[in-house]
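Okay, so here's the structure we're looking at.
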Amino acid sequence: MLYVCADRARGTTGGATERAQEEGRAFAEERGLTIAEVVTDTFGEPDPAQRRGWRRVRQLAKTGDVTAVLVRWPSAIAPESARELRHREAAWLHDQGVHVRYTWAPLSSKGCEAG
């Protein structure tokens, strides 16, 4: 699954969302991964549990329908100011057997994974 939380304006798909989706698709293709679903949220709410899209991510993880969540960078899950929320979500996903993989080149080239 590819999770995108990028644009600030509701109802518009801007450049940040498009770049994150393109990057995620390229990341998956290079690694032989299949993206079953793209889930998006509008950037702004720091607590992922309060976002409809992230709740969908959790639902799919809980049912065992995904093994990895592709995210552009850590702040897409939660901003630096709410780092503990990011760690909480990554740990919860890990407990469900789901890995968080970062698709942004400087992180993905290092093999960065949350949880």
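Every number in this text was worked out from the coordinates using simple rules, so none of it is lab data. Bear in mind that the values here come from a model prediction, so they are computed numbers and not experimental data. Because the Cβ atoms are built from the backbone with ideal geometry, glycine has one as well, and the counts that use them run over all protein chains shown.
May I ask for the longest run of the chain untouched by trypsin sites (Lys or Arg not before Pro) that are loop-located per DSSP and have at most 10 neighbouring C-beta atoms (other than their own) within 10 Å? Between exposed loop sites, the widest span is 11-109. Label positions at residue 35 and residue 49, each projected 7 Å from the Cα along the C-beta direction, are separated by 2.8 nm. Local charge for residue 45 was computed over the other residues whose Cβ lies under 10 Å away, with Lys and Arg +1 and Asp and Glu -1, and equals 0. Pair-distance distribution of region 17-69: all C-alpha pairs, bin width 5 Å, starting at 0; shares per bin in whole percent are 4, 18, 24, 24, 21, 8, 1. Pair-distance distribution of the chain: all C-alpha pairs, bin width 5 Å, starting at 0; shares per bin in whole percent are 2, 13, 24, 28, 21, 10, 2. For region 24-67, GluC sites (Glu not before Pro) meeting the loop criterion (DSSP other than H, G, I, E, B) and having at most 14 other Cβ atoms within 10 Å: 37.
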